[in-house]
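K.L.:
Sharing a structure with you now.
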Amino acid sequence: MSESPPRRASAPSAASSREIRMIPFIVGCALFMQMLDATVVATALPAMALNFGTTVVHMNVTITSYLLATAVFVPISGWAADRFGARAVFLAAIALFTLSSVACAASVTLAQLVAARLVQGAAGAMMVPVGRIILLRRIPKAELLKAMAFLTIPALLGPVIGPPVGGFLVTYASWHWIFLINIPVGILGIYMVRRWIAADVPDSRPRLDTVGFLLSSAAMAALMSCLEAAGHGSLGLWPTLGLLGLGLVCGILYIRHARHVTYPIIDLSLLRIQTFAVSVLGGNLCRFSVGASPFLLAILLQVGFGLSAFSAGMITFTSAAGAMLMKLVATPIVRRFGFRRVLVANALIAAAFIAACALFRADTPIWAMVAVLLVGGFFRSLQFTAINALTYADLDSAQMSRASSFAATAQQLGISLGVACAAMTLNLSMTLRGGVEADRIDVMWGFAVIALIVAASALSFRRLPARAGSQLRARS
């Protein structure tokens, strides 16, 4: 027997202007901490492998364990916010993320580190989606576009700043500091949440859709493991296909299950809302570039051009500067031209700058690479600002928690698909030319494929009505 849909947690009747300004900053800090942690570890793998007496390949489990835990627990974030209150869950997630970071730094065996990373991934899965729920519930829709412009910056800044920060800390301190830097950020985050975000008391206590949680978790874990294996060739063909089959079967079973549950973990009925459906589909095609571009640039600059990890990271960091410049003009651009025109045109522009990275050569002037990355970062950030705001344009307050967990699950899958697609393109190019190590031509094909996928998102955005998101463009 299905249960009646729960009401959302009650919130203050109106957020103060100060709170409206602070909430995007607070949620942005949490998002930055998670995105930085998700990327900074890769740079430290050689030093960590030496410390634990193992190989770099085996140390990759510290990354996959984090991603798996995140994929498993992201779908449950919306239910947790409705069940216990968004502010309480957000605070607990920040505290757990900070404590698990300490546990990572204190680990003396690989097993201890993997266990701590699993906890850290689970905390991160709750931290960002629930923080976004708070933002969506407290920020008026007329202010949402501006808030999302601010929130987009740390999402793009983390993957870009991660490699140079990791390289600097490993080179001049030790690998432990890539986790210890989370401590002051976490403490500041807890203080700011308690200071600026009012408590919300749940009006009801919805029961967990246990069957849906198990099916969605199994599907996400299997698909993420399949993408990881396919991208890096870490498993054979049949085990990889087995993971793919398991993920698809669990996904199909979940779809059938969700039709008969009033409050499913991932509410597929939200796809009936056109702006939400188009934003999720087109937005995820654009998000292929979030994980793939830093991955491809690192290989091109370090392996192809022989630059150090720190030097390569400082070059890729320039795309983050473009993202920060976008904050000043994103809202006026969208208000002037509308979501549909901006998303269609900008998808093609962003794709062109991704493709331009394929033209980099060892003798390309650094200023030219910096210019491409700077301007490309600007347009990519503009795209995600518009997508993130439009996703929630036609939703009411009661749908926000379910929409946030749905969107976060899709985003996690989209970013992972991008990395896997880039890695598979590299491996295929190397195989066809008979190479054993990645070369510039392999990376060039990787950028070309990702650029085509981002450009294809324009076809999805063309389905939007001309006045899509008009309520978000209204001046407050």
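The values are calculated or read from the model by the stated rules, or taken from the named source; none is laboratory data. Worth saying up front: this structure is predicted, and the values here are computed from it rather than measured. Note that we place each Cβ from the backbone using ideal geometry, even for glycine, and neighbour counts take in every protein chain shown. We work out accessible area using only protein heavy atoms, side chains counted, and drop any ligands, DNA or RNA first. Shrake-Rupley method; radii C 1.70, N 1.55, O 1.52, S 1.80 Å.
K.L.:
Please find, among Ile94, Ile63, the residue that is surrounded by fewer than 19 Cβ atoms within 10 Å (Cβ to Cβ) and either touching a helix residue (DSSP H, G or I) at 6+ places or on another chain (Cβ under 6 Å) or under 16 Å from Asp37 (Cβ atoms) (or both).
P.N.:
On the way: Ile94 fails: surrounded by fewer than 19 Cβ atoms within 10 Å (Cβ to Cβ).
Going through Ile94, Ile63 in turn, the sole match is Ile63.
K.L.:
Something else: Residue by residue through segment 189-207, note down the ones that are in contact with a helix residue (DSSP H, G or I) (Cβ under 9 Å, 6 or more places away or on another chain) and not in a loop (DSSP other than H, G, I, E, B).
P.N.:
Those that are in contact with a helix residue (DSSP H, G or I) (Cβ under 9 Å, 6 or more places away or on another chain) and not in a loop (DSSP other than H, G, I, E, B): Gly189, Ile190, Met192, Val193, Arg194, Arg195, Trp196.
K.L.:
Every residue in segment 97-137 that is of a type in the set (S, T, N, Q) and buried (at least 19 other Cβ atoms within 10 Å of the Cβ), please.
P.N.:
Our first condition is that a residue be of a type in the set (S, T, N, Q); within segment 97-137, this holds for 98, 100-101, 107, 109, 112, 120.
Passing the criteria: Thr98, Ser100, Ser101, Ser107, Gln120.
K.L.:
Right, another one. For segment 353-377: of the residues being crowded, with 17+ Cβ neighbours inside 10 Å and without any contact (Cβ under 8 Å) to a residue 40 or more places away in the chain, which is nearest to Arg287 (Cα to Cα)? Break it down stepwise before answering.
P.N.:
Residues of segment 353-377 crowded, with 17+ Cβ neighbours inside 10 Å: 353-358, 360, 369-370, 372-377.
Going one step further and asking which of them are without any contact (Cβ under 8 Å) to a residue 40 or more places away in the chain, we end up with 353, 356, 372.
Numbers: Phe353: 15, Ala356: 18, Val372: 19 Å.
Going through the qualifying residues, I end up with Phe353.
K.L.:
Does segment 415-443 hold any residues that are under 21 Å from Glu228 (Cβ atoms) and not in a helix (DSSP H, G or I), and which are they? Lay out the reasoning, then the answer.
P.N.:
To start, the set of residues in segment 415-443 that are under 21 Å from Glu228 (Cβ atoms) comprises 415-431, 437-438, 442-443.
Glu437, Ala438, listed by residue number.
K.L.:
Filter segment 257-276 down to the residues that are open to solvent by less than 20 Å² (accessible area, probe 1.4 Å) and not in a loop (DSSP other than H, G, I, E, B), then identify the one that is farthest from Ala393 (Cα to Cα).
P.N.:
Residue satisfying both the conditions and the ranking: Ala258.
K.L.:
Being among the β-branched types (Val, Ile, Thr) and under 16 Å from the mean Cα position of the chain (by Cα) is the filter; apply it to segment 352-395 and report the residue that is nearest to Met326 (Cα to Cα). Give the derivation first.
P.N.:
Kept after step one, since they are among the β-branched types (Val, Ile, Thr), are these residues of segment 352-395: 354, 364, 366, 370, 372, 375, 385, 387, 391.
After this cut, where a residue has to be under 16 Å from the mean Cα position of the chain (by Cα) as well, the list is 385, 387, 391.
On the way: Thr385: 9, Ile387: 14, Thr391: 19 Å.
Among residues in segment 352-395 that are among the β-branched types (Val, Ile, Thr) and under 16 Å from the mean Cα position of the chain (by Cα), the one nearest to Met326 (Cα to Cα) is Thr385.
K.L.:
Going by what's in this entry, would Gly446 be described as open to solvent by less than 10 Å² (accessible area, probe 1.4 Å), assigned to a helix (DSSP H, G or I) and more than 27 Å from Phe276 (Cα to Cα)? Walk me through how you get there before you give the answer.
P.N.:
Numbers: open to solvent by less than 10 Å² (accessible area, probe 1.4 Å): yes; assigned to a helix (DSSP H, G or I): yes; more than 27 Å from Phe276 (Cα to Cα): yes.
It is true that Gly446 is open to solvent by less than 10 Å² (accessible area, probe 1.4 Å), assigned to a helix (DSSP H, G or I) and more than 27 Å from Phe276 (Cα to Cα).
K.L.:
Here is a further query. Please work out which one of (1) of a type in the set (S, T, N, Q); (2) in contact with a Ser or Thr (Cβ under 9 Å, 6 or more places away or on another chain); (3) over 30 Å from Leu215 (Cβ atoms) is the condition Thr431 fails and give its number.
P.N.:
All conditions pass for Thr431, except number (2).
K.L.:
Among the candidates Arg83, Arg117, which residue alone is closer than 24 Å to Ser397 by Cα, assigned to a helix (DSSP H, G or I) and charged (D, E, K, R)? Break it down stepwise before answering.
P.N.:
On the way: Arg117 fails: closer than 24 Å to Ser397 by Cα.
Answer to the selection: Arg83.
K.L.:
Name the pairs: first residue in segment 333-352 and open to solvent by less than 60 Å² (accessible area, probe 1.4 Å), second residue part of a helix (DSSP H, G or I) and of a type in the set (Lys, Arg), Cβ to Cβ under 9 Å, at least 6 apart or on different chains?
P.N.:
Filtered contacts from segment 333-352: Val342/Arg336; Asn346/Arg380; Ala350/Arg380.
K.L.:
If Leu253 satisfies all but one of (1) in contact (Cβ under 8 Å) with a residue 24 or more places away in the chain; (2) open to solvent by less than 40 Å² (accessible area, probe 1.4 Å), what's the number of the condition it fails?
P.N.:
(2)
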